[in-house]
Each structure stands twice: as structure tokens, then as C-alpha cells.
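Worksheet for the structure shown next.
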Amino acid sequence: MNYTQHTGDISKQLGKLRKSNNEAYAGFSSMAKACHKDGALSAKTKELIATAIAIANRCDGCIGFHVKTLQQLGTTYEEFIEICDVAMYMGGGPSVMTVAEAMQAWEEFSK
């Protein structure tokens, strides 16, 4: 999968939803912004958690956006691999396959 293209395509469609003044999407967007702020947990820690959940739930789009954000937040590859380990632990065998996809996203966004 080309994660750059995939996240771009998703962003394009979500932009249409945003422009339609969709109340449900606006609520979700507000929640996402609130969850990205530093609090008792740092924004980076929250993003690490979100990425592990995205992997365990096998959400390709989520993986793309969250892996890219991890890199923007200065996450090391070692930190990324540790959350992949947690995702495999919580998600079982299918999440092992998704970890490989998340690693591909990491490599792609590292270029």
C-alpha cells in the first residue's frame, strides 16, 4: 500500500465532509484535537497509544495518519517498534500482519 497516497485520498474525502458542515464529523474532529493536547499524558504518549490501537484494530488509514504524526512528534524507531509489540500482544496473529504494514508506513514516511 502507498500510505502517502492513501492518507491523501482520505484527507480529500474528509475535507468534503468537513465543508458540508457535518455536525457528527465536527464533534469527532473536536474530540481528536482535545486528545492531541498535552495533559497528564503527553501528546506523544497519546499518539503512541492511538497508533497501537490502530494496529490492533487493523485500520490502514488510521495507521497511516498516526505513524506520520509519530514521526512529526520525534518518535524514535525503537519507540515505534515497542508499541508494535504491544499491538501484537493485544491484537493477536492478525495484528502481526498489520505491524508489517505499519512498518511499511514508517519506512515510507521516513523518506
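Nothing in this text is a laboratory measurement; each read-out follows from the coordinates by a stated rule. Quick caveat: nothing in here was measured; it's all calculated off a predicted structure. Methodologically, a virtual Cβ is constructed for each residue, glycine included, from the backbone with ideal geometry; neighbour enumeration extends over all protein chains shown.
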### Message
Checking the structure you have, find out if any residue of segment 54-71 is of a type outside the set (S, T, N, Q), touching an Asp or Glu at 6+ places or on another chain (Cβ under 8 Å) and in contact (Cβ under 8 Å) with a residue 60 or more places away in the chain.
### Response
yes
### Ala87 vs. criteria in contact (Cβ under 8 Å) with a residue 60 or more places away in the chain and surrounded by 15 or more Cβ atoms within 10 Å (Cβ to Cβ)
no
### Task
Give, as residue ranges, the helices (runs of 4 or more DSSP H) completely inside segment 22-111 that count at least 1 residues that are over 22 Å from Gln5 (Cα atoms).
23-35, 43-56, 77-91, 93-110
